[in-house]
Amino acid sequence: MRFKGRVAIVTGGARGFGAAIAHLLSSEGAQVYAADLNAPQQTGLRALRLDVSDEKAWVAAVATVSSEAGQVDILVNNAGINIYPAAHEIELADWNRAIAVNQTGVMLGLRHVLPLMLLRGNGVVVNVSSTLGVVAVAGAIAYHATKGAVSQMTRNAAITYAAHGIRVNEVLPGISDTDLVRSQADEFTQASLTRTPMGRLGRATEIAAAVAFLASDDASFITGASLAVDGGYLAQ
Ligand SMILES: NC(=O)c1ccc[n+]([C@@H]2O[C@H](COP(=O)([O-])OP(=O)(O)OC[C@H]3O[C@@H](n4cnc5c(N)ncnc54)[C@H](O)[C@@H]3O)[C@@H](O)[C@H]2O)c1
């Protein structure tokens, strides 16, 4: 029961990695708010309707958690979308949407949850970036740009809040079996799998295990770290 008595917000908590993270934190004692555009399918979670790119929605969501639970111990900035076009093809609206959800969404989570953590002098943030925030494949310029930004925001926030009792880390998932990947072109998935040394897709539970480790006291001296959960992809 690593998270007994703790309160967690997991963005994108209704499906994919977020659902697995919410389930694991909850099964280990946390009171978990699944903050998503959609309602979570699993029971035992509190549903928080949230578009992470909408600042007013963040204000309302954090006010709800504050009044119900009185604190936020763990923030998992996981919600994200995939945008595939290369630089010469991308529409500005699609670029702006990727920035709004994947990048501004993470900043807004920090912006609105950190004040509560600062008041109490402790807290943990885990951001979900991607191997594609570190290395590139062809195309998907907005996805690369936003995930690289998440990694830099992780390091920035880790340094900024280290002396305030707040740890900030990130996981870098490799290609994994979720709706996000199931909905993409099969050739893109196959190309990523070919370059994955373990030769298989990751499982949402494997990403969740890494997030839970970073969120737990087992990681009490870890901040600013990037934990690849990628079947060896980044080791090449
Ligand atoms: N699946 C992969 O292979 C993979 C690899 C690396 C990184 N990631 C990253 O992991 C995170 C989760 O991905 P996933 O595969 O679980 O995706 P998914 O599409 O399976 O689930 C994403 C969840 O986020 C929610 N969401 C989307 N936009 C939102 C918004 N604006 N506000 C609130 N919620 C929103 C969706 O409703 C959904 O519940 C994303 O940031 C993604 O970029 C995924």
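Data for the structure
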quantity	calculated
Residue among GLY174, GLY202 that alone is within 8 Å of the ligand (Cβ to nearest atom) and out of contact with any helix residue (DSSP H, G or I) (no Cβ under 7 Å at 6 or more places or on another chain)	GLY202
VAL211 being near the ligand (Cβ under 9 Å from one of its atoms), touching a residue at least 12 places away in the same chain (Cβ under 8 Å), within 19 Å of the chain's Cα centre (by Cα) and outside any loop (DSSP other than H, G, I, E, B)	no
Residue among ALA61, ALA35 that is within 12 Å of the ligand (Cβ to nearest atom), assigned to a strand (DSSP E or B) and either buried (at least 22 other Cβ atoms within 10 Å of the Cβ) or of a type in the set (Asp, Glu) (or both)	ALA35
Odd one out for ASP177 among (1) surrounded by fewer than 17 Cβ atoms within 10 Å (Cβ to Cβ); (2) out of contact with any Gly (no Cβ under 8 Å at 6 or more places or on another chain)	(2)
Candidate set from the stretch 177-194 (those that are in a loop (DSSP other than H, G, I, E, B) and within 13 Å of the ligand (Cβ to nearest atom)); member that is modelled with the lowest pLDDT	GLN184
Breaking point among (1) among the hydroxyl-bearing types (Ser, Thr, Tyr); (2) assigned to a loop (DSSP other than H, G, I, E, B); (3) open to solvent by 40 Å² or more (accessible area, probe 1.4 Å), for SER53	(3)
Counted residues, the stretch 86-143 - those being farther than 28 Å from LYS56 by Cα, small (Gly, Ala, Ser), out of contact with any His (no Cβ under 7 Å at 6 or more places or on another chain) and open to solvent by 50 Å² or more (accessible area, probe 1.4 Å)	2
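The values are calculated or read from the model by the stated rules, or taken from the named source; none is laboratory data. Note that the coordinates shown come from a computational prediction; the quantities given were computed from them, not determined experimentally. Cβ sites come from the backbone with ideal geometry, for glycine too, and all protein chains shown count toward neighbours. Surface accessibility is based on the protein's heavy atoms, side chains included, excluding ligands, DNA and RNA. Shrake-Rupley method; radii C 1.70, N 1.55, O 1.52, S 1.80 Å.
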